[in-house]
Amino acid sequence: MENKISWEALEYKRKEKTADWYWAVALISLAIIITSFMTHNFLFGILIIISTIILVSFSVIAPKKVKVSMDQKGITVGKEMYPFTTIDSFWVESLDGENQKILLKSKKIIMPLIVIPLEEHHHLDIRDFLLQYLSEAEMHEPLSQKIMEKLGF
């Protein structure tokens, strides 16, 4: 068994957004802003304006390639290290050949589920490596995250 496995992956799968997507974001935001100002909830209206600007700004940024590596100490994604001592269990999700992910259940309250894209390596090799250090428990991405991916976020 290998002592270290590494690969490069995109931070997230980029979904190209059409002009309709931007129009929908603009119209929904405008409706919420108008409603909030009509109800004298100015702070919420300003929050929606700022949120819309940030959302549109992030939608045009291309995902970066990050280096993912696993060794006997833990998993490193980019500059972030996840030691095995802070991870409760894992699951390798391979619904189809293109959309493979490693799901890590963290012991930390703030970040309960860590999702790492899996590329270049066969999911069974990754599973065998992780079984040396962690227990396996079936888990799935939260429904909210799947909905956000479908909507293009």
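Here are some notes:
- Selection within the stretch 69-94: residues that are touching a helix residue (DSSP H, G or I) at 6+ places or on another chain (Cβ under 7 Å) and hydrophobic (A, V, I, L, M, F, W, C). The member of this set that is surrounded by the fewest Cβ atoms within 10 Å (Cβ to Cβ) is Val92.
- Options Leu113, Leu130, Leu103; residue that is in contact with an Asp or Glu (Cβ under 7 Å, 6 or more places away or on another chain) and surrounded by 14 or more Cβ atoms within 10 Å (Cβ to Cβ): Leu103
- The condition (being hydroxyl-bearing (Ser, Thr, Tyr), touching a Ser or Thr at 6+ places or on another chain (Cβ under 8 Å) and in the same structural domain as Gln132 (by TED's automatic domain parsing)) is satisfied by just one residue among Thr85, Thr76: Thr76.
- Enumeration of residues in the stretch 3-50 that are touching a residue at least 40 places away in the same chain (Cβ under 8 Å) and of a type in the set (Phe, Trp, Tyr): Trp7, Tyr12, Trp21
- Residue ID - nearest to Asp20 (Cα to Cα), chosen from residues in the stretch 127-153 that are of a type in the set (A, V, I, L, M) and modelled with pLDDT under 85: Leu151
- In the stretch 67-126, the residues that are at pLDDT 85 or above, acidic (Asp, Glu) and over 17 Å from the mean Cα position of the chain (by Cα): Asp71, Asp88
- Given (1) in a loop (DSSP other than H, G, I, E, B); (2) in contact with a helix residue (DSSP H, G or I) (Cβ under 9 Å, 6 or more places away or on another chain); (3) over 30 Å from Asp125 (Cβ atoms), index of the condition Ile34 fails: (1)
- Flag not set for Thr39, criterion: under 25 Å from Ile147 (Cβ atoms) and not assigned by TED's automatic domain parsing to the domain that holds Phe129.
The values are calculated or read from the model by the stated rules, or taken from the named source; none is laboratory data. Quick caveat: nothing in here was measured; it's all calculated off a predicted structure. Ideal geometry is used to build each Cβ from the backbone, glycine not excepted, and the neighbour counts take in all protein chains shown.
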